[in-house]
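Participant: Take this structure, written in structure tokens, and hold onto it; I'll ask about it next.
The values are calculated or read from the model by the stated rules, or taken from the named source; none is laboratory data. Just so you know, these numbers come straight off a predicted model, no measurement behind them. Cβ placement follows ideal geometry from the backbone for every residue including glycine, while neighbour counts extend to all protein chains displayed.
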Amino acid sequence: TYVIAQPCVDVLDKACIEECPVDCIYEGKRMLYIHPDECVDCGACEPVCPVEAIYYEDDLPEQWSDYYKANVEFFDELGSPGGASKVGQIDADHPLVAKLPPQAE
Ligand code: F3S
Ligand code: F3S
């Protein structure tokens, strides 16, 4: 799966959403999350993110390694909705993200 990491927090550019052929990029409060079971590893989202927040799981930089878990656990309660557009914005974040200070410069 691909993973969204910390650079997305408080940026939420959303260019990635338009590229995803399976609509598996879900919007939380402060960042977006890729559904690990719904992502088909097409990689289309990765180059369009202006802040380089998206990585293939094996290429995730060391300092953001926890974001693999954050993307997976974000869906613990949601399950597999099968499409982000029908879910809309989710009023929650993974605890790792929720506890971060404001990231905007
Ligand atoms: Fe975030 Fe980049 Fe998408 S900032 S919303 S991962 S285009
Ligand atoms: Fe979609 Fe990116 Fe996966 S475009 S299918 S989330 S690699």
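Participant: Does GLU38 satisfy being buried (at least 16 other Cβ atoms within 10 Å of the Cβ), near ligand 2 (Cβ under 9 Å from one of its atoms) and more than 15 Å from GLN6 (Cα to Cα)?
Facilitator: Answer is yes for this residue.
Participant: Identify, by number, the condition in (1) over 13 Å from the mean Cα position of the chain (by Cα); (2) assigned to a helix (DSSP H, G or I); (3) of a type outside the set (A, V, I, L, M, F, W, C) that GLN103 doesn't meet.
Facilitator: (2)
Residue-by-condition table, conditions (1) closer than 14 Å to LEU96 by Cβ; (2) out of contact with any His (no Cβ under 6 Å at 6 or more places or on another chain); (3) at pLDDT below 95; (4) not in a loop (DSSP other than H, G, I, E, B):
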site: PRO21; (1), (2), (3), (4): no, yes, no, no
site: ARG30; (1), (2), (3), (4): yes, yes, no, no
site: PRO36; (1), (2), (3), (4): no, yes, no, no
site: CYS39; (1), (2), (3), (4): no, yes, no, no
site: PRO47; (1), (2), (3), (4): no, yes, no, yes
site: GLU52; (1), (2), (3), (4): no, yes, no, no
site: LYS69; (1), (2), (3), (4): yes, yes, no, yes
site: ASP76; (1), (2), (3), (4): yes, yes, no, no
site: GLY79; (1), (2), (3), (4): no, yes, no, no
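Participant: Which residues, taken from the stretch 1-19, are acidic (Asp, Glu) and assigned to a loop (DSSP other than H, G, I, E, B)?
Facilitator: ASP10, ASP13
Participant: Find the residue count for the stretch 54-67, including only residues that are in a loop (DSSP other than H, G, I, E, B) and under 17 Å from ALA98 (Cα atoms).
Facilitator: 1
Condition check ((1) among the basic types (Lys, Arg); (2) more than 12 Å from the chain's Cα centre (by Cα)) across all residues:
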| residue | (1), (2) |
| --- | --- |
| VAL3 | no, no |
| CYS8 | no, no |
| LYS14 | yes, no |
| VAL22 | no, yes |
| LYS29 | yes, no |
| HIS35 | no, no |
| GLY43 | no, yes |
| VAL48 | no, yes |
| VAL51 | no, yes |
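Participant: Among the residues of the stretch 6-58, write down those that are within 11 Å of ligand 1 (Cβ to nearest atom) and touching a Gly at 6+ places or on another chain (Cβ under 8 Å).
Facilitator: GLU27
Participant: Moving on. Return the total of residues in the stretch 1-31 being touching a Lys or Arg at 6+ places or on another chain (Cβ under 7 Å) and near ligand 2 (Cβ under 10 Å from one of its atoms).
Facilitator: Number of matching residues: 0.
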